[in-house]
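J.: Here it is: the structure, laid out below.
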Amino acid sequence: MTQAKTKPASQQEIRSILHDADDDLVLAILETGATYQEIKQAAGWLDDSGYMGNKRGKPMDIRVARVHKLLKQDRDRMELYER
């Protein structure tokens, strides 16, 4: 595995995926140590009707799961605010 695939994503990389993320969300994601690919994966599952791996018995990677949870909480908070 190359260094680029295993190093945590930078703030700039996170913002390139999550364009409208606020500073608190970006910092929380940074704290997970997730890579660029892991963040893209979590964001994709959030936008694609959720994670389907549970039905196949394949657990979500821990960092992907942490980012997914943060993104879901942020989305839910924004939906509540918009009501």
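The values are calculated or read from the model by the stated rules, or taken from the named source; none is laboratory data. Given the structure is predicted, the values throughout are model-derived calculations rather than measurements. Because the Cβ atoms are built from the backbone with ideal geometry, glycine has one as well, and the counts that use them run over all protein chains shown.
J.: When residues of the stretch 59-71 are filtered for being surrounded by 15 or more Cβ atoms within 10 Å (Cβ to Cβ), free of Cβ contacts under 8 Å to residues at least 40 places away in the same chain and either among the aliphatic types (A, V, I, L, M) or assigned to a helix (DSSP H, G or I) (or both), how many remain?
T.: 8
J.: Could you please find all residues in the stretch 1-40 being hydrophobic (A, V, I, L, M, F, W, C), surrounded by 13 or more Cβ atoms within 10 Å (Cβ to Cβ) and farther than 17 Å from ILE62 by Cβ?
T.: Matches in the stretch 1-40: ILE14, ILE17, LEU18, ALA21, LEU25, VAL26.
J.: Scan (1) out of contact with any helix residue (DSSP H, G or I) (no Cβ under 7 Å at 6 or more places or on another chain); (2) modelled with pLDDT under 80; (3) loosely packed, with under 12 Cβ neighbours inside 10 Å for the single condition GLY53 breaks and write down its number.
T.: The number of the failed condition is (3).
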